[in-house]
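Remarks on the structure that follows.
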Amino acid sequence: MQSGHPFDELLAYVGFTEADSAVLAAAWPAVAPHTRAVADRFYDTILRFQGARQVFADDAQVERLKVSLVRWLEELHCGPHDHAYHDRRLAIGKAHVRVQLPSRYMFTAMSGVRGHLRELLQDHPLAGTALDKILDVELAIMTGTFMEENERDRLTKLRDLIVSNLPSCILVLDKDTLVTSATSTRCPYVSGNPVGRLAREVLLAEVGEAVDLATVVQRASSTKQVVDFPRVDVLIDGRRCSLRLTVVPVEHPMAAALLHVEDLTTIVEHEDRARNAENLASLGTMAASVAHEIRNPLAGISGVVQVVASSLSADDDRLPALVRVQQQIARLGELVGELLIFARPVTAAMTAVDLRAAAEHAAIAAVAATGRAIDQVILHGHGEARGDPVLVAQVLQNLMQNALQAGAKRIEVHVEVATARIDVIDDGPGISDADRDKVFMPFFTTKVRGTGLGLPMARRIAEAMSGSLELLPPSPKKPGCHFRLRLKP
């Protein structure tokens, strides 16, 4: 036997020699007629245990395994017990991992085989001793391989679990941008299982319009340089999302490039929120300062006008003008009050919010403020989310009130508990494309007497609850406004 091989070490450890090999071969005629019975008893025993039975597909598989066991018994006795023999035993341990057979059955099964063979070799004591030695070697090989293969299998499954749940997706592309592999088939920006399809067919259409992948892959492969697109904005389920695309050239028979698609939406939203919060904080400070500066003189002017108006007779021609002045002063007072409210920090008392109840309260308040009929607000769905019940109702009231004031005849409020969101959809005139990006800017308004602080304040409230408020694109079937309030589940 050659030295340095693991099998040689095992044989030497148990004292198995060529003489033992010869003894086993000589005893084979006593065992050969009974090998089928050994196989039948082995599987009759193992199939009595549910944990072992469940790894077998059907009776046909068990029958094939019995044939393999008979062949194994012959090799066990007749050898040759060389390195090729060792390699075949390694494969048995790997097979046990593939069928997910628990390791405990390897020991108990080997004990059963040992006992049955011992019965058959009662008249061959030397063969019985040699049998014990080679079975110990067999068990050491199979269990060692089983443990190594099982650990490798566990690590592979863990790796696949991690890779398949990464927040980004990597597509492996050949030179024609055909997807040959992918880290995940559940990405929202990938249509279905991408493997075997062209990249431009599986990615969102907006990505294909923004990036000519065929040209980019060719350029990356020819220059051996990474091509990066820091930000590509797309629309997913009515929500504006931001992606980063990176094309990495590789040299592999199945791959010309790796397309790394990373979802930056959350990062971009946080950056936008931080930027808006900073801008609003500065604006709020200025608004508070201006409001305080205006409030005192305005109160003085209002007082003087009231004194003058009270000194005039009821038929004085100047009285109507003073009344209009008082009305404008009152309007300015309301604006100052709204500026002070806007400048004040929003504090949310977070708790579980019944979204349906909050929407009902908001609908009643909005209808009362506008004088519209209650049956014009239709509520759908139930559910809870994390937020401040008063603030949630305040946001919804603002949206409904705006819709009713704009002339909407019907408002639908959809509560979706799975995503903790509320959609407010109206059938009003909607918002022009030119104004859509301005609606959350302070002081922007299309109303004749509006202050332009309602929607910015509503968004501030949503963000104070760790949520968001966005205006979604109108549906062709429902051209009015569609606002979505997202909260924490």
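Please give the length that would be gained between LYS477 and ALA368 if that part of the chain were fully extended, namely 0.36 nm times their separation in residues minus their C-alpha to C-alpha distance (nm, one decimal).
Extra length from LYS477 to ALA368 when fully extended: 36.4 nm.
Taking the C-alpha atoms of segment 1-84, how large are the radius of gyration and the largest Cα-Cα span, Dmax, in Å?
16.1, 43
Assuming 0.36 nm per residue, please report the length gained on full extension of the stretch MET254 to ALA91 beyond their Cα-Cα distance.
55.8 nm
At THR180 and ARG386, where each label point lies 7 Å from the Cα along Cα→Cβ, what is the point-to-point distance in nanometres?
Rounded to a tenth, the inter-label distance reads 4.5 nm.
Determine the distance separating the Cα centre of segment 12-50 from the Cα centre of segment 372-401; give it in Å without decimals.
Measuring centre to centre over Cα atoms gives 77 Å.
How long is the gain from ARG154 to VAL307 if the chain were fully straight, where each residue apart is worth 0.36 nm and the alpha carbon distance is subtracted?
Taking 0.36 nm per residue and subtracting the Cα distance, the gain is 46.3 nm.
Sticking to Cα atoms, compute the Rg of segment 169-263 to one decimal and its Dmax as the biggest Cα-Cα distance, whole number, in Å.
My reading of the Cα-based Rg and Dmax gives 12.3, 39 Å.
Of the listed peptides 311-324, 59-72, what is their order by residue-averaged count of other C-beta atoms within 10 Å, with the highest listed first?
The packing order, highest mean first, is 59-72, 311-324.
As an exercise, use a Förster radius of 35 Å and the Cβ-Cβ distance of ARG219 and ARG436 to find the FRET efficiency, rounded to the nearest 0.05.
0.45
Straight-line reach from LYS157: which lysines have Cα under 18 Å away, leaving out those fewer than 8 places along the same chain?
Excluding near neighbours in sequence, the set is LYS94.
Run through all the Cα pairs of segment 351-486 and give the fraction in each 5 Å bin from 0, expressed as whole percent.
All Cα pairs, binned at 5 Å, distribute as 2, 11, 22, 26, 21, 14, 4, 0 percent.
Computed FRET efficiency, Cβ-Cβ of SER466 and VAL417, R0 22 Å: what is it to the nearest 0.05?
According to the calculation, E is roughly 0.80.
In Å and from the alpha-carbon atoms only, list the Rg and Dmax of segment 408-489.
Every Cα atom of segment 408-489 included, Rg and Dmax give 13.1, 39 Å.
Which order do the peptides 19-28, 248-257 come out in when sorted by mean C-beta neighbours inside 10 angstrom, highest first?
19-28, 248-257
Values in this text are rule-based calculations from the coordinates and carry no lab data. Everything numeric here is computed off the predicted structure, so don't read it as measured data. Note that each Cβ is placed from the backbone with ideal geometry, even for glycine, and that neighbours are counted across all protein chains shown.
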